[in-house]
Structure formats: structure tokens, C-alpha cells
Amino acid sequence: MKAVTQPARRSEPRSAEVHWGRIVLLASVVLAVLRLFYATRVELAPQEAYYWQYARHLDLSYFDHPPMCAWLIALSVRLVGVGELGIRLPAVLSAAVLTWLLYSLGARLYSPAVGALAALAANTTVLFGLGAVVMTPDVPLVLFWAAALRVLCELVLPDGKGPGRGGFRWYLLGLLCGLAMLSKYTAALLPPQILATALLLPRGRAALRTPHPYLALALSLAVFSPVLIWNARHDWASFAFQTQGRLESVHGLRPFLVGRYVGLQAVAVGPLLYLALLAAAVLLIRRSLRGDPRALLLCLASVPGLVLFSLVSPWHWVKMNWVAPAYLGVLVAVAAAGGELWHRRWGKVYGLLSVGTGALLVVGMYLMPLCPFIPFSERDNLVSGWKELAGHVQRFREQAKARTPEPLVVGWGYKTASELAFYLPGHPETQSDGALGSPGLAYDFWLDRVHDGTDAIIVSDARQPLHDAPAHLQTHCEGVRELPPVTVHRGERPVTTYQLWYCQRWHLSERAPEPSRGLTPGEPAAGT
């Protein structure tokens, strides 16, 4: 493809840049304050509690994810204490930085107005709005991915400053790629996209004739090395889970999953904005083929991920958050197109409806746990009732303490096990499926924290039941007694019911199972 010189960015007065920068800064601060308050009012999502369990068992990496999320949670709870705020603080702060990065990216490529629109539009989507208050590996992944794109602009785009040979920026880019890969394995897509961008642009090709990009790649691998070390020590369990394990969970072509994928993505970014993002992806491809370097950079940042997950969707459940990094480039492209179309009545109406619809969805998601009158499928409500459940389980524990040492709590499924570990008094060591002879994800690596011979309380969510429970438990307990079931609520609305059993002298019927390489039947991989 013949590259052409980048069209000059539209020159805006310095006062306009200051104006839009102040708007973005003010919005970031206001949103951060509101989100900090909100973070203390809503119970943890199961994935957050699970990653907090990671942080309690600090390691170089973990069975189903790299360690960055756990490391950030561990640092945060050390600073502000164990609680919802301590776990979610990194998400709130990351969202504020991400907002500024999107503004900077749009301003660098097009104009401050475009940057402001991209940054503010992202905050009106469920995907990035929930990511600002729910701490998962996607939070640092998207942050470092956006930062890498911003640095890449300075390395490969024409700007009148000569060939992109600045060593420092290449090493900064390598560091950011490594940090992204320390966050989530999806970041493995980032280095090939960067290489393709460099190969297709003159400044990038000039830089590839220097040692800096290759030393930057070595730096990124060095940053990622804790994951490699952990896997080498554990028979490459995490890599096997993310490759062989995912393939084993594919059960042929299932077209209905495409509908679920499209529906989830339409909710994730808003239905009207989703259509605009897809149109922007097509527009980026066309402009890239015409030699627009800005379009090429954004195209390679977004289109490969969008295409990959779309191709996977008929075969495997693609979760809402998996696609998040792929939206960064097309968000900026939509903002740029929106600026061009703003002066047309239909463009203005479509833009306002897109942002407004997304904002309503975000507000609805935020208010759902706090306002029981908001309609929601309680089966899908995973942030209500955990304190209520923990209160009932604690009463059973206290009754048992009168006769025996405090019993172990075993949650069937990582979600129940993790939430009970967080909300039970004293944050006891809990166990999951591995304690009952089934694959238990990261819990399999913590079985050495509990010992045979103690009594146990087994807790199973009706949404993920322990099938044939009496026969299953008899192989791990000298005696089994069913306890009264517990129904938890959102306000007055029942959310789900938990079955409980008291297990006398719990034990592993045989050697602890090898860490799972496939998914527990009926159980999706943790959170992301």
C-alpha cells in the first residue's frame, strides 16, 4: 500500500484546546467522586471477590489470569483497607486516566473537540461505565492498551519531527505492552498490531531499521516474565487453560451465540453507538486503503479484535467485556465522524440519541442494585444478597462452634466461595469445587490452606446447583445433614436460593485433583 503524508490536523486556537481540556478534566473529577461514593454502596460482583482472593494469595501469576488485577487490589486494600472501596479504587482511578488518554488520543489525531467527544462518549457506555466501578483484569488491560496507542502515535505518524527513532518512546511502548500482557492475555494481540502499523507507515519502517523496537519487545517480554515463570513452575497450567481448555468448551457451531454476542455488544456500548462503531470500522478500512495514516493506526487498533471476536462468536460464548480494547480506535473514529456530521440535523440527532441511550443504560445499571423497583432479571443479578447469605452462613458457623472448631466453608462455584470469603466475619479461608473433587480454577492451588478432618458447611446456588448432592457429599463427609435453605433478596424481590449442607469431618476422598485445564461443567471461566 502506498503511504501518503498525513493530512494536516485542523488547527485550533490554544484557547479551544484549553477549553476542551478543562471540560474533560472537570467531567473526570466529578465522575470519579460519584464513582467513589457509589463503590461503597454496592456489594462486590463475584469476579471482584474472586480477584480479591487472588490478592490474598499473592503470586507471580494465577491459573486463569495474569496478576496485574490482583497486584493492584493488594496495593489498594493495603492503602485504604479491605472493603468495597479498597477493591474498586483502582478501577475508579483507571477510568479517570483512561478518559484523559482518550481525549489526548483524539486531540493528537484530529482535534481537542474530537478528543473530548471520544472521552465523554466512552463514559456513557455500559462497558466503560461499569468498568469504572467493577475491578476486573479488563481495567488495567484497557488502560495500558490506550496508553500504548497514544505513544504509538508519536512513533509512527508523520509530524514533521523526523523519523520515529526516539529510543525512549519505544521503550515506553514496550513497557506498556508488557503491563497490558500482565493484565490479561488478550493483550497478546497488541504487539502484532503495533508491528503491522510500523511496517505500513514510513516512520515505522525507518524505526524498524534501528534496534529500539526489538529492545522494546524484549522489555515487554521481561515485564511479562512473572507469568512465564509461574507457568513454568505449574506445568504451563494457565496457558493450557486458555488454549486447550477453551477449545474443549467448544461444542460445535451454535448460531444462537451470534445473537447473544450482538445483543450483549449492543448493550455494552448502546445500540445506536454500536451501529456507528461498526460503520466507523468499515470507514477506517476504506480510508486506510486510500493511504490515510491516522485511519490506518486506528483501523489496526480495532478491526482485528472486532473481526476475531465476531468469528469466535458462533462457536464460543464471547462475553461483553472481552471486546473492550477493540473499541478504543473506533470510538475515536466515531468522534471524528461525529464532528464532521454535527452540523447536519440528522447527524446531531443521531449523536445525541446515541449518547443519551447509552447514558440511560449506564444509569440504569448503576441504580439496579440500589433501587429494587427497577426491573431486572434477578437470575442475572450477581451483586445483591451476598451479605444476607453470609449472615445466615455465619449463624450456622456459630452454632457449630459450640460443638467443634469453626467449620470450613465450601462454596460450590468460585462465585459463592469468593463472596463468602469476603463477607463472612474475619474473612475466613474458603474453598470451592476442588474441595469436593471437581476442578476449582485458582482454588485448586490453595487447597493446602485447609486440612482434612474439619467439619464443613457446603453452600450451593440454585443458579449453579450441586447435582446429586447427597451422593456427591457422602464421598467427602463422614456424615451429611441438610440445613435450611436461604433465599436472598434485592429489596423485597427474591434473587436466588442457596442449598446448604453440614458436612462432618470433611476430607478429600482421594488426592486433590490436578488443576483444571478445561471449564467446570456449567461454569464459565471466572469473570473475564
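The values are calculated or read from the model by the stated rules, or taken from the named source; none is laboratory data. Predicted model, so just to flag it, every value in this text is computed and none were measured. Glycine also receives a Cβ, built like all others from the backbone with ideal geometry; neighbour counts cover every protein chain displayed. Side chains are part of the model used for accessible areas, which takes the heavy atoms of the whole protein and leaves out ligands, DNA and RNA. Shrake-Rupley method; radii C 1.70, N 1.55, O 1.52, S 1.80 Å.
Structure values in brief
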{"quantity": "Selected residue (criterion: surrounded by the most Cβ atoms within 10 Å (Cβ to Cβ)) from residues of segment 403-424 that are part of a loop (DSSP other than H, G, I, E, B) and within 26 Å of the chain's Cα centre (by Cα)", "calculated": "413"}
{"quantity": "Yes/no for residue 400 being part of a helix (DSSP H, G or I), touching a Pro at 6+ places or on another chain (Cβ under 7 Å) and at negative phi", "calculated": "yes"}
{"quantity": "Selection from segment 22-40 of residues that are open to solvent by 10 Å² or more (accessible area, probe 1.4 Å), in a helix (DSSP H, G or I) and either in contact (Cβ under 8 Å) with a residue 24 or more places away in the chain or not hydrophobic (A, V, I, L, M, F, W, C) (or both)", "calculated": "22, 23, 25, 27, 28, 29, 31, 32, 35, 36, 38"}
{"quantity": "Verdict on residue 398 being among the acidic types (Asp, Glu) and open to solvent by 30 Å² or more (accessible area, probe 1.4 Å)", "calculated": "yes"}
{"quantity": "Identity of the residue in segment 243-255, without any contact (Cβ under 8 Å) to a residue 40 or more places away in the chain and either assigned to a helix (DSSP H, G or I) or touching a helix residue (DSSP H, G or I) at 6+ places or on another chain (Cβ under 9 Å) (or both), that ends up most open to solvent (accessible area, probe 1.4 Å)", "calculated": "247"}
{"quantity": "Which listed residue, of 496, 454, is among the β-branched types (Val, Ile, Thr) and touching an Asp or Glu at 6+ places or on another chain (Cβ under 7 Å)", "calculated": "496"}
{"quantity": "Conditions (1) open to solvent by 10 Å² or more (accessible area, probe 1.4 Å); (2) at pLDDT below 95; number of the one not met by residue 300", "calculated": "(2)"}
{"quantity": "Residue in segment 192-205 that is modelled with pLDDT of 95 or more and closer than 22 Å to residue 72 by Cβ present", "calculated": "no"}
{"quantity": "Segment 389-400 residues that are closer than 23 Å to residue 44 by Cα, paired with ones that are open to solvent by less than 20 Å² (accessible area, probe 1.4 Å) and in a helix (DSSP H, G or I) (beta carbon under 9 Å, 6 or more apart)", "calculated": "389/416; 389/419; 389/420; 390/419; 390/420; 390/422; 393/420"}
{"quantity": "Residue among 220, 183 that is over 18 Å from the mean Cα position of the chain (by Cα), of a type in the set (Gly, Ala, Ser), buried (at least 22 other Cβ atoms within 10 Å of the Cβ) and modelled with pLDDT of 95 or more", "calculated": "220"}
{"quantity": "Residue among 282, 307, 334, 349 that is under 25 Å from residue 263 (Cβ atoms), of a type in the set (A, V, I, L, M) and surrounded by 15 or more Cβ atoms within 10 Å (Cβ to Cβ)", "calculated": "334"}
{"quantity": "Residue count, segment 320-342 (criterion: among the hydroxyl-bearing types (Ser, Thr, Tyr) and within 14 Å of residue 184 (Cβ to Cβ))", "calculated": "0"}
{"quantity": "Unmet requirement for residue 165, which otherwise passes all of (1) farther than 18 Å from residue 147 by Cβ; (2) open to solvent by 10 Å² or more (accessible area, probe 1.4 Å); (3) at pLDDT 95 or above", "calculated": "(3)"}
{"quantity": "Qualifying positions in segment 66-94 - farther than 30 Å from residue 231 by Cα and either open to solvent by less than 20 Å² (accessible area, probe 1.4 Å) or in contact with an Asp or Glu (Cβ under 8 Å, 6 or more places away or on another chain) (or both)", "calculated": "83, 84, 92"}
{"quantity": "Every residue from segment 475-496 that is loosely packed, with under 14 Cβ neighbours inside 10 Å and either within 16 Å of residue 398 (Cα to Cα) or without any contact (Cβ under 8 Å) to a residue 40 or more places away in the chain (or both)", "calculated": "475, 478, 479, 481, 482, 484, 485"}
{"quantity": "Matching residues in segment 432-455 - criterion: being in contact with a Phe, Trp or Tyr (Cβ under 9 Å, 6 or more places away or on another chain) and farther than 21 Å from residue 239 by Cβ", "calculated": "432, 433, 435, 436, 438, 450, 452, 453, 454, 455"}
{"quantity": "Checklist (1) out of contact with any Cys (no Cβ under 6 Å at 6 or more places or on another chain); (2) open to solvent by less than 30 Å² (accessible area, probe 1.4 Å); (3) under 22 Å from residue 156 (Cβ atoms) applied to residue 240, failing item", "calculated": "(3)"}
{"quantity": "Selected residue [touching a Pro at 6+ places or on another chain (Cβ under 9 Å) and of a type outside the set (Asp, Glu)] from 61, 111, 28", "calculated": "61"}
{"quantity": "Count of residues meeting criterion [touching a helix residue (DSSP H, G or I) at 6+ places or on another chain (Cβ under 7 Å) and in a loop (DSSP other than H, G, I, E, B)] in segment 460-498", "calculated": "3"}
{"quantity": "Number of the condition not met by residue 374 [criteria: (1) free of Cβ contacts under 8 Å to residues at least 60 places away in the same chain; (2) open to solvent by 50 Å² or more (accessible area, probe 1.4 Å)]", "calculated": "(2)"}
{"quantity": "Candidates 318, 258, filtered to the one that is part of a loop (DSSP other than H, G, I, E, B) and either among the polar types (S, T, N, Q) or open to solvent by less than 60 Å² (accessible area, probe 1.4 Å) (or both)", "calculated": "318"}
{"quantity": "Selection within segment 41-59 - assigned to a loop (DSSP other than H, G, I, E, B), open to solvent by 70 Å² or more (accessible area, probe 1.4 Å) and touching a residue at least 40 places away in the same chain (Cβ under 8 Å)", "calculated": "41"}
